[in-house]
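A quick write-up on the structure given underneath.
The values are calculated or read from the model by the stated rules, or taken from the named source; none is laboratory data. Please read all numbers here as calculations on a predicted model, not as lab measurements. Ideal geometry is used to build each Cβ from the backbone, glycine not excepted, and the neighbour counts take in all protein chains shown.
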Amino acid sequence: MTSDKKPVLALFYCQNTHASGEDERQALEQKYGDSLKLFPIPCSGRLEPLHLLKALEDFADAGYVITCPEGACRYFEGNLRAKKRVERTREMIKSIGLEEERIGFLINSKEGPKPLTDLADEIMDRLANLPPSPVLGPSVQGRATGSRQRSKGDKV
Amino acid sequence: MITAEQKPIEEIREMIAPYKRILVAGCGSCVAECAAGGEKETGMLASTLRMAAKMDGKDVVIQEKTLDRQCVNEFVIQLDESIDQYDAVLSLGCGAGVQAVAEMYPEIPIIPALDTEFLGETMSQGLWIENCLGCGDCMLHYFGGVCPLARCSKQLLNGPCGGSMDGICEVNPEVPCAWQTIIERLENFKALERLEEVYPPKDWSKKQGRGPRKIIREDQQR
Amino acid sequence: MIENNKLEQRLKEGAFAVTAECGPPKGADPEAVMKKAEMLKGKVDAVNVTDNQTAIVRLSSLAACSLLKSAGLDPVLQVVVRDRNRIALQSDILGAAALGIRNVLCLSGDHQGFGNQPEAAGVFDLDSIQFIQVVKTMRDEGTILGGEPLSKSPDLFIGAAANPFADPLSFRVVRLAKKIRAGADFIQTQCIYNLDRFEKWMEMARDRGLTEKVFILGGVTPLKSVGMAKYMRNKVAGMDIPDAVIDRMEKVPKEKQREEGINICVETIQRLKEIEGVHGVHVMAIEWEEAVGEIVEKAGLLPRPRS
Ligand code: SF4
Ligand code: SF4
């Protein structure tokens with residue numbers, strides 16, 4: 001990771017959402033490089049809030065979830081559940097003084113579904129002015145420590 | 001199952017503030033079922049607390065481990081290999097789990113991360129209800145499988161009270177009147193006349209005898 | 001027959017009895033009790049003293065009963081099982097009898113969550129029916145729970161409450177029967193506004209022969225305003241106020257509503273007098289004790305016979 005101040009986004013998206021295949025993924029990776037980390041998930045209902053938190057803890061300034069339109073979830077209500085979980089996770093980061101905006105939720109539109117690339121652009125625009133996360137600290141060093149601690153924790 | 005809810009993060013942070021190396025200990029049994037202290041919740045809490053510490057510029061180590069059961073010594077003992085690294089344990093076990101860990105490692109302060117609530121049932125995803133007080137002398141056969149101690153707000157053994165209306169408890173409109181349910185059940189079994197008799201006072205010594213209760217089973221002992 | 005018990009005497013003579021209610025003050029204030037005593041004296045046969053009603057801390061029912069007694073009234077000690085376990089309940093029963101209190105009304109009590117001490121632990125060690133049975137055993141067998149004998153039995157006329165309007169209706173009479181079996185000598189009912197349903201309940205009680213075994217006093221509460229009527233209908237558990245009553249209150253101008261409330265109350269009493277098996281009326285004029293005399297007079301129940 002370079003030392004530029006661009007916010008890093010961890011973007012979780014439902015693979016069933018409109019135009020979210022390999023092409024879009026590559027296009028986004030080229031465009032944003034290290035500022036965007038993409039995580040396709042089989043259904044947004046599978047999203048674990050823990051993933052969002054770990055992303056914030058380890059490397060991301062923000063964590064977002066993109067789901068299919070309401071009523072269009074292939075697995076019935078996965079997107080609604082995801083929404084509630086994201087809300088709860090936002091509450092958690094708020095309680096430690098992190099800006100709520102660092103966690104977000106985007107529902108693809110039913111009438112005019114947008115491709116993943118457009119949605120990612122929208123979120124990146126929205127985050128353009130987000131200050132660096134106080135969790136990650138000023139240095140690359142700090143970020144690495146976070147993940148080292150975690151892997152140690154897992155082994156306990 | 002024993003149900004619990006996580007305490008507010010602020011409260012937890014206050015309790016752990018004096019410590020530098022903290023083990024966040026989850027439990028994979030009851031509190032995992034009620035989504036309060038299982039592996040996921042333990043991970044989330046630990047992650048959140050680590051972030052909070054970093055934001056405060058505090059140099060603390062917060063690591064997590066989830067035991068299969070925190071209230072059984074055979075599982076608690078798995079902490080043996082690493083417990084010395086920590087100066088406090090934040091437990092996401094129920095009250096029994098917290099105490100089992102405290103008993104095993106009396107030299108390390110233990111902090112409860114959960115508020116233990118009740119003995120209950122998972123009604124549906126995300127909904128748990130209290131239905132047993134652990135009174136030590138079960139009477140469910142008599143009351144059509146509905147516990148009047150846990151589910152009637154006034155613990156009436158000769159209910160319903162005068163406030164039962166439309167099947168709703170007078171004390172809490174979100175709660176069905178347990179006695180309405182008891183009557184309906186007994187009607188189904190054609191056993192309503194049972195309720196014409198006065199049910200005698202409860203023997204509470206079976207619940208709150210002299211000090212904490214104990215179960216001893218010699219056939220189970222080594 | 002219990003000595004000096006006007007209520008019991010009146011009921012046993014077959015007269016239409018009148019009781020009222022007195023709420024003790026929220027303070028150590030005997031004058032407040034005495035003032036209410038003055039208002040009720042000569043108007044009623046006995047006066048119920050509520051026990052921390054709606055779970056709000058007030059001067060104790062036992063103390064207020066003792067004050068009423070000294071003022072020459074026949075008090076009915078209300079005791080709720082919410083705040084006392086079986087040790088305290090039995091002890092208070094003995095204390096009440098020793099102070100010369102001759103009537104007790106055994107109740108569950110409003111849940112502690114409603115009052116000004118919502119953080120209190122609810123006791124509910126006995127329920128009201130078990131409590132009735134305990135008092136009866138103390139009186140008739142001279143023993144406490146568990147069978148130990150008393151040096152002297154408490155001589156008490158035992159009352160219970162009944163709500164003909166709560167659900168399920170079919171079970172309401174079963175519960176009344178249960179209270180009688182447990183030992184209730186008299187019953188005071190929840191406020192009656194829905195006379196049709198009350199009559200139905202009475203009919204069911206008569207069919208089971210219950211009116212032969214217990215004295216039933218119909219409860220009435222004068223409405224002060226249409227607001228109060230609506231509040232009671234919507235907010236007070238187990239209260240049944242038909243639309244017709246609300247309409248009637250609504251039709252009169254505000255300043256006449258108290259009068260209308262009293263009229264409704266008097267008419268209810270007149271109907272109660274006609275119902276077979278109703279032995280009296282219990283007037284609960286909540287924080288409006290001065291209305292009791294007027295109601296009783298208009299209902300043709302004055303003067304009360306002296307005993
Ligand atoms: S009767 Fe006792 S043991 Fe049975 S469900 Fe109720 S509290 Fe639990
Ligand atoms: S309404 Fe039903 S559940 Fe509630 S206190 Fe009365 S009898 Fe118990």
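Condition check ((1) of a type outside the set (A, V, I, L, M); (2) away from ligand 2 (no atom under 16 Å from the Cβ); (3) free of Cβ contacts under 8 Å to residues at least 40 places away in the same chain) across all residues:
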position: C:LEU59; (1), (2), (3): no, yes, yes
position: C:ASN85; (1), (2), (3): yes, yes, no
position: C:LEU105; (1), (2), (3): no, yes, no
position: C:GLN133; (1), (2), (3): yes, yes, no
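Inside segment B:22-59, residues that are within 11 Å of chain A (Cβ to nearest Cβ), touching a residue at least 12 places away in the same chain (Cβ under 8 Å) and of a type in the set (D, E, K, R) make up a count of 4. Looking across segment B:178-197, the residues that are free of Cβ contacts under 8 Å to residues at least 12 places away in the same chain and either assigned to a loop (DSSP other than H, G, I, E, B) or facing another protein chain (nearest Cβ under 7 Å) (or both) come down to B:LYS190, B:GLU196, B:GLU197. Taken as a whole, the condition of being buried (at least 16 other Cβ atoms within 10 Å of the Cβ) and either in contact with a Ser or Thr (Cβ under 9 Å, 6 or more places away or on another chain) or of a type in the set (D, E, K, R) (or both) applies to C:THR50.
Could you tell me whether B:THR3 is more than 9 Å from chain A (Cβ to nearest Cβ), under 11 Å from B:LEU114 (Cβ atoms) and in contact with a Gly (Cβ under 7 Å, 6 or more places away or on another chain)? Spelling it out, B:THR3 is indeed more than 9 Å from chain A (Cβ to nearest Cβ), under 11 Å from B:LEU114 (Cβ atoms) and in contact with a Gly (Cβ under 7 Å, 6 or more places away or on another chain).
Examine segment C:211-223 for a residue that is within 12 Å of the chain's Cα centre (by Cα), away from every other protein chain (no Cβ under 14 Å) and within 22 Å of B:LEU195 (Cβ to Cβ), and state whether such a residue exists. Yes, there is a match, as at least one residue in segment C:211-223 is within 12 Å of the chain's Cα centre (by Cα), away from every other protein chain (no Cβ under 14 Å) and within 22 Å of B:LEU195 (Cβ to Cβ).
In segment B:150-177, the qualifying residues are those that are β-branched (Val, Ile, Thr) and either within 6 Å of ligand 2 (Cβ to nearest atom) or not in a strand (DSSP E or B) (or both), and the one that is nearest to the other protein chains (Cβ to nearest Cβ) is B:VAL171. Of the residues making up segment A:99-139, those that are more than 22 Å from A:ASN79 (Cβ to Cβ), within 14 Å of chain B (Cβ to nearest Cβ) and either touching a strand residue (DSSP E or B) at 6+ places or on another chain (Cβ under 7 Å) or at pLDDT below 90 (or both) number 3.
Tell me which residues, restricted to segment B:140-180, are on the phi > 0 side of the Ramachandran plot and either within 16 Å of ligand 1 (Cβ to nearest atom) or touching a Phe, Trp or Tyr at 6+ places or on another chain (Cβ under 9 Å) (or both).
Hits for segment B:140-180 are B:GLY144, B:GLY145, B:GLN155.
One residue stands out in segment B:118-137 among those that are surrounded by 13 or more Cβ atoms within 10 Å (Cβ to Cβ) and more than 19 Å from B:PRO176 (Cβ to Cβ): the one that is farthest from ligand 2 (Cβ to nearest atom), namely B:GLY136.
Here is a yes/no grid of residues against (1) modelled with pLDDT under 95; (2) β-branched (Val, Ile, Thr); (3) not assigned by TED's automatic domain parsing to the domain that holds B:CYS147:
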| site | (1), (2), (3) |
| --- | --- |
| B:THR42 | no, yes, yes |
| B:ARG50 | no, no, yes |
| B:VAL60 | no, yes, yes |
| B:LEU79 | no, no, yes |
| B:LEU92 | no, no, yes |
| B:ALA100 | no, no, yes |
| B:PRO106 | no, no, yes |
| B:MET123 | yes, no, yes |
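Every test in (1) free of Cβ contacts under 8 Å to residues at least 24 places away in the same chain; (2) of a type in the set (Gly, Ala, Ser); (3) more than 15 Å from ligand 1 (Cβ to nearest atom) is passed by B:GLY126 save one, and that test is (1). Checked against (1) away from every other protein chain (no Cβ under 14 Å); (2) surrounded by fewer than 19 Cβ atoms within 10 Å (Cβ to Cβ), C:SER170 passes all but a single condition, namely (1). One residue is enough: does segment B:86-95 have a residue meeting the conditions more than 14 Å from chain C (Cβ to nearest Cβ), surrounded by 15 or more Cβ atoms within 10 Å (Cβ to Cβ), closer than 28 Å to C:ILE129 by Cβ and touching a Leu at 6+ places or on another chain (Cβ under 8 Å)? So far as segment B:86-95 goes, no, none of its residues is more than 14 Å from chain C (Cβ to nearest Cβ), surrounded by 15 or more Cβ atoms within 10 Å (Cβ to Cβ), closer than 28 Å to C:ILE129 by Cβ and touching a Leu at 6+ places or on another chain (Cβ under 8 Å). Looking at the structure I just gave you, is C:GLY113 within 16 Å of ligand 2 (Cβ to nearest atom) and either surrounded by fewer than 17 Cβ atoms within 10 Å (Cβ to Cβ) or at pLDDT below 95 (or both)? Spelling it out, C:GLY113 is indeed within 16 Å of ligand 2 (Cβ to nearest atom) and either surrounded by fewer than 17 Cβ atoms within 10 Å (Cβ to Cβ) or at pLDDT below 95 (or both). For the residues B:ILE215, B:ILE183, the requirement of being within 16 Å of ligand 2 (Cβ to nearest atom), farther than 25 Å from C:GLY115 by Cα and not small (Gly, Ala, Ser) singles out B:ILE183.
Within segment A:88-126, how many residues are in a helix (DSSP H, G or I) and within 29 Å of B:PRO8 (Cα to Cα)?
Step one: of segment A:88-126, the residues in a helix (DSSP H, G or I) are A:88-95, A:100-102, A:116-126.
Among the residues that remain, those that are also within 29 Å of B:PRO8 (Cα to Cα) are: A:88-95, A:100-102.
So the count comes out to 11.
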